[in-house]
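Single-structure report; data block below.
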Amino acid sequence: MSAALALLQQRHSVPSRQLGEPAPDEAALHALLEAAIRVPDHGKLVPFRLIRMQDDAKLRFGERLAAIAIRNQPDLSEAKQEKERLRYTFAPLVLVVVARIDCASKVPEIEQKLCAGNVAYNILLGAYALGYGAQWLTGWAAYDREVAAILGLAENEHVVGFIHLGTPQIEVPDRDRPALAGLLATWAP
């Protein structure tokens, strides 16, 4: 089996709470992102972009999200408020993958979103290949227009995911995977 296929068969997510320093340095991050953006892109629209969050910015972002959550749910418990506030602080680096939808394009919106999703998945694969851990998370913040405004997203932009990156702090067991036999069918006319 090739090393590339073995990598695909071994990749797994590492919970963001289990990701610590170091994050990829600038050279490794640049190489990772150069590889990540090599995705199928019907129409060459480049329907994605990336936002980096590091250091204190992750806490400030969480504080703003906690304020939104409290405003939307005034009875939100202290524990849940703290969870919202600290959600982005565990991994040393968080990359926000953003889909940029060109509504005037003949390329269907779903294809544009899938292109951005492939960027997110390539970041996961690349991080694993470089010896880092990563987790792709969404949650309510990925779908909230007020959060989109905080991130500076245009009306045609949407968060595909928050990719938490760092070094695994524990050995994470792989989860059960579905059996291929139940997923593959052969079509015949």
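The values are calculated or read from the model by the stated rules, or taken from the named source; none is laboratory data. Just so it is clear, the structure is predicted and the values come from calculations on it, not from any experiment. Cβ atoms come from the backbone with ideal geometry, glycine included; neighbour counts cover every protein chain shown. Ligands, DNA and RNA are stripped out before the accessible areas are found, and what is left, the full protein with its side chains, is counted by its heavy atoms. Shrake-Rupley method; radii C 1.70, N 1.55, O 1.52, S 1.80 Å.
Condition check ((1) farther than 13 Å from Leu165 by Cβ; (2) within 15 Å of the chain's Cα centre (by Cα); (3) surrounded by 11 or more Cβ atoms within 10 Å (Cβ to Cβ)) across all residues:
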residue	(1), (2), (3)
Ala4	yes, no, no
Leu7	yes, no, yes
Pro15	no, yes, yes
Pro24	no, no, yes
Ala27	yes, no, no
Pro40	yes, no, no
Pro47	yes, no, yes
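Within 26 Å of Leu7 (Cβ to Cβ), under 13 Å from the mean Cα position of the chain (by Cα) and modelled with pLDDT of 95 or more - does that describe any residue in the stretch 83-90? For the stretch 83-90, residues within 26 Å of Leu7 (Cβ to Cβ), under 13 Å from the mean Cα position of the chain (by Cα) and modelled with pLDDT of 95 or more: absent. The residues of the stretch 152-189 that are small (Gly, Ala, Ser) and surrounded by fewer than 18 Cβ atoms within 10 Å (Cβ to Cβ), listed by number, are Gly152, Ala154, Ala179, Ala181, Gly182, Ala185, Ala188.
Among all residues of the stretch 103-114, there is none that is part of a strand (DSSP E or B), under 14 Å from the mean Cα position of the chain (by Cα), modelled with pLDDT of 95 or more and not hydroxyl-bearing (Ser, Thr, Tyr).
Within the stretch 52-105, the set of residues being closer than 15 Å to Leu137 by Cα and open to solvent by 60 Å² or more (accessible area, probe 1.4 Å) comprises Arg52, Lys83, Arg87, Phe90.
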